[in-house]
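Colleague: One structure, as structure tokens, below. Some questions next.
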Amino acid sequence: MRSDTALGAIGNTPMVRLQGFEPEGGAEIWIKLEGGNPTGSYKDRMAVSVLTRAMERGALRPGDRVVEYTGGSTGTALACVAAVLGLRFTAVFSDAFSDSKRQAMEAFGAEVLVEPSDGTITPELIQRMKARAYALAEEPGSFYADQFGSPDVRAGYAPMGQEIAARLGCVDMLVSAVGTGAALMGTADGLAEAGQTPQVIALEPLQSPLLTTGQGGPHKVEGVGVGFEPPFLDRDRVSGIRAIDQDAGFAMCRRLAAEAGVFGGGSTGLNVAAAVELAGELGPGKRIVTFACDSGAKYLGGHIYG
């Protein structure tokens, strides 16, 4: 990966302590500000891993088309990396997601195909998006990025764990909402490589508690709660799974911005709402780490900050 392109700016994002959010007698809460990546999301880490490794092994060549179905952050990251590498990108998107994400993908030169919805993210919608992407990927000169299956996805997040360990040393708990599960598990991989084996807690929206009850449902937390078992979620390494009310997450987004200067989307709010709850249970002298998955700028004009 050339350091003199935008790809060299991916990673090494800052961390801040949310001291004002920590319950009395609770654990420290630290958050990694992934909105500092080039497209404003930790998905840049995945995109550069998948596309550069595919080019290295000859599965992708300049001028080829990359295809993926996406709620926007993955698509924006793939569009950006594809542009730098001389690739084309087609996203299967939906109007259930923030329109600013569609605009961002198009700004990076992507073709965006929109599946209609009733305004909520449902398992049926995700399956329609997936089927359309699969069909496109079968066309000549096309490459399916496979955000839910490629081993290069999880590997792309390992540096995040290494960065956390270098910054903090000891980490007692890692907490994150899951879509594919790759960011949570890849970060845990990187922490393990650095000698840290914290408890790993996966989160999902209470409105779509597939992992905790087996029953998915409509919700409004973009990028997580995809309606099927996250393919990278290793339940043997996960200490617990919690369902967090989406409205509590959205309220936390607004509080984070107003009180801590941390500007994130719905999954970030879900992460911190859970971290506050868990900090009270874990107790003093311990340290929880979670993610500000992306920038709140992606959600302006939507329901969170509207």
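Colleague: Which of the residues spanning region 181-221 are hydroxyl-bearing (Ser, Thr, Tyr) and either under 18 Å from Thr120 (Cα atoms) or in contact with a Lys or Arg (Cβ under 8 Å, 6 or more places away or on another chain) (or both)?
Modeller: Filtering region 181-221 down to residues hydroxyl-bearing (Ser, Thr, Tyr) leaves 187, 197, 208, 212-213.
Residues satisfying the conditions are Ser208, Thr212.
Colleague: Would you mind finding the one in Gly269, Gly240, Gly296, Gly265 that is among the small types (Gly, Ala, Ser) and more than 23 Å from Ser73 (Cα to Cα)?
Modeller: Gly240
Colleague: While we're here: Determine which single condition Ile201 fails, assuming it passes every other condition in (1) within 22 Å of Gly156 (Cβ to Cβ); (2) buried (at least 16 other Cβ atoms within 10 Å of the Cβ); (3) modelled with pLDDT under 95.
Modeller: (3)
Colleague: Give the residue, chosen from Gly261, Gly216, that is closer than 23 Å to Gly20 by Cα, over 17 Å from the mean Cα position of the chain (by Cα) and either among the charged types (D, E, K, R) or surrounded by fewer than 24 Cβ atoms within 10 Å (Cβ to Cβ) (or both). Outline the logic, then answer.
Modeller: On the way: Gly216 fails: closer than 23 Å to Gly20 by Cα.
The unique qualifying residue is Gly261.
Colleague: Just checking, does region 15-26 include any residue being surrounded by 18 or more Cβ atoms within 10 Å (Cβ to Cβ), in contact (Cβ under 8 Å) with a residue 12 or more places away in the chain and under 18 Å from the mean Cα position of the chain (by Cα)?
Modeller: No, region 15-26 contains no residue that is surrounded by 18 or more Cβ atoms within 10 Å (Cβ to Cβ), in contact (Cβ under 8 Å) with a residue 12 or more places away in the chain and under 18 Å from the mean Cα position of the chain (by Cα).
Colleague: Which of the residues belonging to region 150-191 are small (Gly, Ala, Ser) and open to solvent by 40 Å² or more (accessible area, probe 1.4 Å)?
Modeller: Passing the criteria: only Ala166.
Colleague: Does region 266-301 hold any residues that are open to solvent by 30 Å² or more (accessible area, probe 1.4 Å), in contact with a Ser or Thr (Cβ under 8 Å, 6 or more places away or on another chain) and among the small types (Gly, Ala, Ser), and which are they?
Modeller: Of everything in region 266-301, those that are open to solvent by 30 Å² or more (accessible area, probe 1.4 Å), in contact with a Ser or Thr (Cβ under 8 Å, 6 or more places away or on another chain) and among the small types (Gly, Ala, Ser) turn out to be Ala297, Gly301.
Colleague: Just to be sure I understand the filter: pairs with C-beta atoms under 8 Å, separated by 6 or more residues or on different chains, first member in region 280-306 and under 18 Å from His219 (Cα atoms) and of a type in the set (Val, Ile, Thr), second member modelled with pLDDT of 90 or more and in a loop (DSSP other than H, G, I, E, B). Which pairs pass?
Modeller: Within 8 Å, the pairs are Ile304/Gly265.
Colleague: Just wondering, is there one or more residues in region 29-41 that are open to solvent by 20 Å² or more (accessible area, probe 1.4 Å), more than 15 Å from the chain's Cα centre (by Cα) and closer than 21 Å to Cys170 by Cα?
Modeller: The answer is yes; a qualifying residue exists.
Colleague: While we're here: For a quick check of your reading: which helices (runs of 4 or more DSSP H) sit entirely within region 34-138 and have at least 2 residues that are more than 30 Å from Gly217 (Cα to Cα), among the small types (Gly, Ala, Ser) and in contact (Cβ under 8 Å) with a residue 60 or more places away in the chain?
Modeller: Correct list: 43-56.
Colleague: Which residues, counting only those in region 124-136, are aliphatic (A, V, I, L, M) and more than 13 Å from Thr70 (Cβ to Cβ)? I'd like the intermediate steps shown before the answer.
Modeller: First, pick out the residues of region 124-136 that are aliphatic (A, V, I, L, M): 125-126, 129, 131, 133, 135-136.
The answer is Ala131, Ala135.
Colleague: Further question: For region 173-194, indicate whether the set of residues that are among the charged types (D, E, K, R), free of Cβ contacts under 8 Å to residues at least 40 places away in the same chain, farther than 18 Å from Ser267 by Cα and in contact with a strand residue (DSSP E or B) (Cβ under 9 Å, 6 or more places away or on another chain) is non-empty.
Modeller: Within region 173-194 (the criterion being among the charged types (D, E, K, R), free of Cβ contacts under 8 Å to residues at least 40 places away in the same chain, farther than 18 Å from Ser267 by Cα and in contact with a strand residue (DSSP E or B) (Cβ under 9 Å, 6 or more places away or on another chain)), the answer is no, since none of the residues qualifies.
Colleague: What is the one condition in (1) touching a Leu at 6+ places or on another chain (Cβ under 8 Å); (2) closer than 30 Å to Ala59 by Cα that Ala177 does not satisfy?
Modeller: (2)
Colleague: Looking at this structure, is Thr5 surrounded by fewer than 21 Cβ atoms within 10 Å (Cβ to Cβ) and modelled with pLDDT of 95 or more?
Modeller: Here the answer is no, as Thr5 does not meet what is asked.
Colleague: Counting only residues that are more than 20 Å from Phe148 (Cα to Cα) and touching a Lys or Arg at 6+ places or on another chain (Cβ under 8 Å), how many does region 115-127 have? Walk me through it before giving the result.
Modeller: Applying the first criterion (more than 20 Å from Phe148 (Cα to Cα)) to region 115-127 yields 116-120.
Remaining after also requiring touching a Lys or Arg at 6+ places or on another chain (Cβ under 8 Å): 120.
Of the residues in region 115-127, 1 are more than 20 Å from Phe148 (Cα to Cα) and touching a Lys or Arg at 6+ places or on another chain (Cβ under 8 Å).
Colleague: Which one is surrounded by the most Cβ atoms within 10 Å (Cβ to Cβ) among residues in region 83-112 that are of a type in the set (Gly, Ala, Ser) and over 18 Å from the mean Cα position of the chain (by Cα)? Break it down into steps so the answer makes sense when it comes.
Modeller: Narrowing region 83-112 to residues of a type in the set (Gly, Ala, Ser): 83, 86, 91, 94, 96, 98, 100, 104, 107, 109-110.
When the remaining residues are screened for being over 18 Å from the mean Cα position of the chain (by Cα), the result is 83, 86, 107, 109-110.
Numbers: Ala83: 16, Gly86: 12, Ala107: 13, Gly109: 13, Ala110: 25.
Looking at residues that are of a type in the set (Gly, Ala, Ser) and over 18 Å from the mean Cα position of the chain (by Cα), I get Ala110.
Colleague: With respect to Val224, is the statement that it is crowded, with 24+ Cβ neighbours inside 10 Å, touching an Asp or Glu at 6+ places or on another chain (Cβ under 9 Å) and not in a loop (DSSP other than H, G, I, E, B) true?
Modeller: Spelling it out, it is not the case that Val224 is crowded, with 24+ Cβ neighbours inside 10 Å, touching an Asp or Glu at 6+ places or on another chain (Cβ under 9 Å) and not in a loop (DSSP other than H, G, I, E, B).
The values are calculated or read from the model by the stated rules, or taken from the named source; none is laboratory data. From a predicted model like this one, the values you see are computed outputs, not experimental measurements. A quick note on method: Cβ atoms are made from the backbone with ideal geometry, for glycine too, and the neighbour counts reach across all protein chains shown. Only protein heavy atoms, including side chains, enter the accessible area calculation; ligands, DNA and RNA are left aside. Shrake-Rupley method; radii C 1.70, N 1.55, O 1.52, S 1.80 Å.
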